[in-house]
1. Looking only at the range 53-99, count every residue that is in contact (Cβ under 8 Å) with a residue 12 or more places away in the chain and acidic (Asp, Glu) and tell me the total.
2. Applying the selection to the range 107-148, what residues are farther than 27 Å from ASN61 by Cα and small (Gly, Ala, Ser)?
3. Under 8 Å between Cβ atoms, which residue pairs at least 6 apart in sequence (or on different chains) link something in the range 35-47 that is free of Cβ contacts under 8 Å to residues at least 40 places away in the same chain and within 9 Å of ILE9 (Cα to Cα) with a partner that is assigned to a helix (DSSP H, G or I) and of a type in the set (D, E, K, R)?
4. Please specify each residue of the range 172-213 satisfying the condition of being touching a residue at least 60 places away in the same chain (Cβ under 8 Å) and outside any loop (DSSP other than H, G, I, E, B).
5. What do you reckon, is THR99 outside the structural domain of LYS173 (by TED's automatic domain parsing), surrounded by fewer than 18 Cβ atoms within 10 Å (Cβ to Cβ) and of a type in the set (Ser, Thr, Tyr)?
6. With respect to LYS102, determine if the residue is within 21 Å of ARG229 (Cα to Cα) and touching a residue at least 24 places away in the same chain (Cβ under 8 Å).
7. Answer yes or no: is there a residue in the range 238-245 that is within 21 Å of the chain's Cα centre (by Cα), over 29 Å from LEU60 (Cα atoms) and not assigned by TED's automatic domain parsing to the domain that holds GLU28.
8. Being of a type outside the set (A, V, I, L, M, F, W, C) and either assigned to a helix (DSSP H, G or I) or within 20 Å of the chain's Cα centre (by Cα) (or both) is the filter here, so list the residues in the range 162-171 that pass it.
Amino acid sequence: MPKRLFGLIGGSLSHSLSQKYFTKKFAELGLTNCKYSLFPISEVSKVTNIIDGNPSLVGLNVTSPYKETIIPFLDELDTKVLKVGTVNVIKITRDGEYTHLKGYNTDIFGLRKTFEMLELPSNSKALILGSGGSAKTAKVVLSEMGITSTNVSRHPGTLDELSYQKLTANKIKDYKLIINATPVGMFPNVSQFPQIPYEGITSNHICLDLVYNPAKTKFIEKCEAHGARTANGLTMLYEQADKAWEIWNE
């Protein structure tokens, strides 16, 4: 049994690179007492069993579809969580029989690093595909950077959301940054891609897919075919993971 156990909870975790990333980090740091495990769960309430059943567990990452529904199970939230409404990191502090769970959002940090890497023009307008946790994080970070954004949703619920049916090639030309914040195209469903009019994409576009497995999704391939500059979610993954490691070791 490792002295310090870390892990990832989510639905299907076959796509995740987190275990590989942290296992490599532990080896590089010479941390033989640390281990990172995957905990696929069918419903969010089962996180309690994982925490109670693994007394050496000190940190968890949270992925789809539980970044929002995990919040009621936590004792404390970092201020950034209150801004976004999603959690992707949990710090577990134990004191005898008492266990304290604090939620954080390091996706904010990772996504900002990604946007900075892309060197977005200050007058950019962004189109965010999706309305889930990742889309909410992207909207907040873009707002902090002074970039306006519009979401595209299958079921638009607000005035600033578009439906996929109403998204035209001409409309896409208005947005020079397009972000796929959905899991469409993620391993193992690598032949899938968001249903948007790609003919509206040009060499003036920057297209970011928050999916990182596969490294080049169909979305990225189709955007590149129209001349767009592209990036995947690996920078976000690594940056948010390193930030999580800092939190777990504070």
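The values are calculated or read from the model by the stated rules, or taken from the named source; none is laboratory data. Note that the coordinates shown come from a computational prediction; the quantities given were computed from them, not determined experimentally. Positions of Cβ are backbone-derived with ideal geometry, glycine not excepted, and every protein chain shown enters the neighbour counts.
1. 4
2. SER122, SER124, ALA126, GLY146
3. none
4. ILE206, LEU208
5. Values: outside the structural domain of LYS173 (by TED's automatic domain parsing): yes; surrounded by fewer than 18 Cβ atoms within 10 Å (Cβ to Cβ): yes; of a type in the set (Ser, Thr, Tyr): yes.
Taking the combined requirement at face value, the residue satisfies it.
6. On the way: within 21 Å of ARG229 (Cα to Cα): no; touching a residue at least 24 places away in the same chain (Cβ under 8 Å): yes.
Judged against the criteria, LYS102 is not a match.
7. Residues of the range 238-245 that are within 21 Å of the chain's Cα centre (by Cα), as a first pass: 238-245.
Of the ones still in play, those that are also over 29 Å from LEU60 (Cα atoms) are none.
No.
8. Quick first cut of the range 162-171, residues of a type outside the set (A, V, I, L, M, F, W, C) only: 163-166, 168, 170-171.
The answer is TYR164, GLN165, LYS166, ASN170, LYS171.
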